[in-house]
Amino acid sequence: MNIDTTIAAISTAQASAGISVIRISGGEAIQIAEKVFRTKSGKKLSEMKGYTCALGTAHENGEAIDECIATVFRAPHSYTGEDVVELSCHGGVYITARVLRAVYDAGVVAAQAGEFTKRAFLNGKLDLIEAESVMDIISSRSKESARAALNVKEGALSRRINSLKDELLNLAAHLNAWADYPEEDIPVVENDALSDSLKSVEAQLKDILQNYDNGRILKDGIDTVIAGKPNVGKSTLMNLLAGFDKSIVTSVAGTTRDIVEESVSLGDIVLNLSDTAGIHETGDEIESIGVDKARSRVNSAALLLCVFDASSPLTDDDLDIIRLANEVSSVAILNKSDLTQQADEALIKEHFDEVVKMSAKYATSADELVQAIKRVCSVGDINSANALLYNERQRTLTMKAVNCVSEAIEALHIGLTLDAVTVLIEEAVGYICELTGERVTDEVIDKVFHQFCVGK
Ligand code: GDP
């Protein structure tokens, strides 16, 4: 990537909207914006300070295209660290495309996917972990997830990781100095003290690793299957959770033929719901397909919500479903609690982590269900203020760093040379530098930013 070029892209969604923002970034951003945009006041953009804006008109070949606001950012105080002009125009798809074309014609290059954030990284505005969190903020679907991503963006994880790196670097520096300059007055390396320091770093890295699963729950949601024989109220429940009619609610058994998927946000967490066709032995071909899918979904789900019609005695089909509950974290829902209860509650209680009596139709006890789900998935323990690892790249590198530190402790323990210990500590530092992007190949950088959208 040539960072000397000036780039532009539409940074807002490509759809009709109140406004659209075209971002121009690079050494010539202000001069190029001036060719396209004339302020109403006659003041030139190049005379404007950073963080100021002006009302004016965007032009193409002398013809006015739209009335816009231009906001000027001066390097290094901008998202990318370069001079940036953002043109906020009316959000019509056509108008936005025309303003962008005028900007291109004035001499900028079309920005690649993620190029603004990539430049921010290359200009030292963000490290790689913080840059990755930008994507996580954009794709957040719940309050906790957004808060956790913002914490990472603001450096919570980077600060923690960097302080561990500094500790390791100090240890390595001391070991090297002691080995290389025996005649100098360098304090002797005490094996016990060294081992204690390494163990403390190891414990902290492991703690960060453990948070990975919490990060995934916040980010990706919990894969959840709603299962139950036909007519117990699964669709009604799903609609209650999703807040709108997604699957067909009907009193005719077996009409929810296929799996309907919906992500619902329950405040702190997101459930990715599969509402399956009733698990029900049947000769009906279409419904059998649904039943098979339901069974296979249960195996790969993290949470099973089993719905029972509490107003009638349990049947063999219900007992089949109860058996599924032993496989994953499970909540039994004794639905239709507005009617007289006939189902054997004690039997259900034996097999499920939580049992909730509710009426999906009348939306009673919905909050109890949410609390039960949170308890079963240990969501109450997630603290978004913790520095959460968010993706596989980060997890793998942290794990490699932990392994090196563990090996260094072991090397010390079995009496290998301090040289060998130093090499392992330096290797751990290498992985941490790769994690933050301090030492990273162009391929890795390209891979990270390739996942971004154009305009970010
Ligand atoms: P599914 O086949 O399991 O998806 O069941 P549906 O959601 O289609 O519901 C079947 C029937 O049960 C519909 O007539 C619903 O209105 C009714 N139903 C669902 N939940 C309740 C409830 O809590 N109480 C009562 N009385 N009826 C319910």
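The values are calculated or read from the model by the stated rules, or taken from the named source; none is laboratory data. Bear in mind the structure is a predicted one, so any value in this text is a computation, not a measurement. Cβ coordinates were reconstructed from backbone atoms using ideal geometry, including for glycine residues, and neighbour counts include every protein chain displayed. The accessibility values were calculated without ligands, DNA or RNA, using every heavy atom of the protein model including side chains. Shrake-Rupley method; radii C 1.70, N 1.55, O 1.52, S 1.80 Å.
Given +1 at the Cβ of Lys and Arg, -1 at the Cβ of Asp and Glu and no other charges, the dipole of the chain around its Cα centre is 2040 debye to the nearest 20.
For VAL355, the residues whose amide H sits under 5 Å from its own are ALA332, ignoring neighbours fewer than 5 places away on the same chain, with H placed 1.01 Å from N. For HIS413 and SER378, a Förster radius of 45 Å and the Cβ-Cβ distance give a FRET efficiency of 0.85, rounded to the nearest 0.05.
When the Cα positions of THR5, LEU168, SER195 are compared along the charge dipole of the chain, THR5 comes out farthest toward the positive end, with charges on each C-beta of Lys, Arg, Asp and Glu. Using Stokes-Einstein with the Kirkwood hydrodynamic radius over Cα pairs, what translational diffusion coefficient do you get for segment 338-456 at 20 °C and a viscosity of 1.002 mPa s, in µm²/s rounded to a whole number? Rounded to a whole number, D works out at 109 µm²/s.
The base-10 log of I(q)/I(0) for segment 1-125, evaluated at q = 0.12, 0.16, 0.23 Å⁻¹, reads -0.38, -0.69, -1.41 [Debye formula, identical scatterers on Cα atoms, solvent excluded]. Annotation: amide H-H contacts under 5 Å for ILE19 (H modelled 1.01 Å from N, sequence separation of 5 or more, or interchain): GLY91.
Whole-Hz Karplus values for segment 347-362 come out as 4, 5, 4, 4, 9, 10, 5, 9, 10, 10, 8, 7, 10, 5, 5, 9 Hz, taken residue by residue from phi with 6.51 cos²θ - 1.76 cosθ + 1.60 and θ = phi - 60°; glycine and proline positions read x. In the chain, the calculated helix contribution to ellipticity at 222 nm averages -15000 deg cm²/dmol per residue, counting -39,500 (n - 2.57) for every DSSP H run with n ≥ 4.
Straight-line cross-link partners of LYS44 among the lysines, defined as a Cα under 21 Å from its Cα and at least 8 positions apart when in the same chain: LYS35. Less than 5 angstrom separates the built amide H of SER329 from those of LEU304, all sequence-distant by 5 or more or on a different chain. For MET358, MET399, the ranking by accessible surface with the largest value first comes to MET399, MET358, using a 1.4 Å probe. Remark on the chain: CYS53, CYS306, CYS377, CYS404, CYS433, CYS453 stand apart, with no other cysteine beta carbon under 4.7 Å. Share of carbon and sulfur in the accessible area of the chain stands at 50%, probe radius 1.4 Å.
Panel note: the C-alpha atoms of the chain, placed on their principal axes, show extents of 78, 77, 35 Å (largest first).
With all protein chains kept in place, the per residue accessible area of segment 94-168 amounts to 39 square angstrom at a probe of 1.4 angstrom.
For segment 96-183, the alpha carbon convex hull comes to 143 Å³ per residue, rounded to a whole number. Backbone phi angles across segment 401-414, fed through the Karplus curve with coefficients 6.51, -1.76 and 1.60 (θ = phi - 60°), yield HN-Hα couplings of 5, 4, 4, 4, 5, 4, 5, 5, 5, 5, 4, 5, 5, 8 Hz in residue order; Gly and Pro are listed as x. Within the same chain, lysines fewer than 8 places from LYS400 are excluded, and of the rest, those with a Cα less than 29 Å from its Cα are LYS118, LYS125, LYS153, LYS165, LYS199, LYS206, LYS219, LYS447.
At full extension, TRP178 and GLU47 could sit 41.4 nm farther apart than now, given 0.36 nm per residue minus the alpha carbon distance.
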